[in-house]
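To keep things clear, I will list the structure first and then write my remarks on it.
The values are calculated or read from the model by the stated rules, or taken from the named source; none is laboratory data. It should be emphasised that the depicted structure is a prediction, and the values quoted were computed from it without experimental measurement. For neighbour counting, all protein chains shown are included, and Cβ atoms are generated from backbone atoms with ideal geometry for every residue, glycine included. Each accessible area value is taken on the protein alone, full model and side chains, heavy atoms only, with ligands, DNA and RNA left out. Shrake-Rupley method; radii C 1.70, N 1.55, O 1.52, S 1.80 Å.
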Amino acid sequence: MTNRTRTMFGPPGHLYVYFTYGMHHCANVVCGEDGVCSAVLLRAAAPLAGAGAMRRARNAASRRTSTRPFRDADLCSGPARLCQAFGLDRRHDGADLTTVSTPPAKGSLPIFIVDDGTLPPTKPGRSGRIGVTRAPNRLWRFHVAGDANVSGGPRA
């Protein structure tokens, strides 16, 4: 455990945000028991609302000058893109994703975990991890097969 990774050893349902390659933020949801290092990387999301705000955030974060708009499926299709779209950075590390306040409390996150009743896929897609060269045959990447919002790697 280090100061940077302390959140991953904390209680489940919290956000662990880290800065990688000196240029991108990535977000994980802590999912293990308190005291055990365990988290799941958020690789993609389907924008159900707020696509305009996500586009503006992505344009600002990537210093994009193109006038061609992002496709909705590309707004959150990758860990760095997801963080850009939701405006997540190290300031959000440790945030509780299980508490939703209505109306949103000052400083609350634009992301939280809810059960919307959607069942998990009966046969999730599996592949090697993206951008990881060590143990490439370990199928530790799970995704919704065929979903247009999934980034990189096999989608079928």
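Numbers at a glance
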item	result
Choice from ASN28, ASN137, ASN59 with maximal GNM fluctuation in the chain (Cα, 10 Å cutoff)	ASN137
Value of [θ]222 nm, deg cm²/dmol, for the chain, DSSP H segments ≥ 4, -39500 (n - 2.57) each, nearest 500	-4000 deg cm²/dmol
Per residue value of the accessible surface for the chain (all protein chains in place, 1.4 Å probe), Å²	65 Å²
Alpha carbon convex hull of the chain, projected area averaged over orientations, nm²	10.8 nm²
Kirkwood-type radius of the stretch 20-60, with distances r between different C-alpha atoms, in Å	12.8 Å
Packing-based order for 41-49, 113-121, using average beta carbon neighbours within 10 Å, highest first	41-49, 113-121
Highest average packing first - 139-150, 86-97, Cβ atoms within 10 Å	86-97, 139-150
Summed side-chain charge close to ARG138 - residues other than ARG138 whose Cβ falls under 13 Å, Lys, Arg +1, Asp, Glu -1	+4
Approximate spin-label separation ILE113-SER38, in nm, with each point projected 7 Å along Cα-to-Cβ	1.1 nm
MET23 paired with PHE142, simple spin-label distance in nm, labels 7 Å along Cα-to-beta-carbon	3.1 nm
Carbon/sulfur fraction of accessible area - the chain, other protein chains in place, 1.4 Å, %	56 percent
Förster-model FRET efficiency, 41 Å R0, THR133 and LEU48, C-beta, rounded to 0.05	0.75
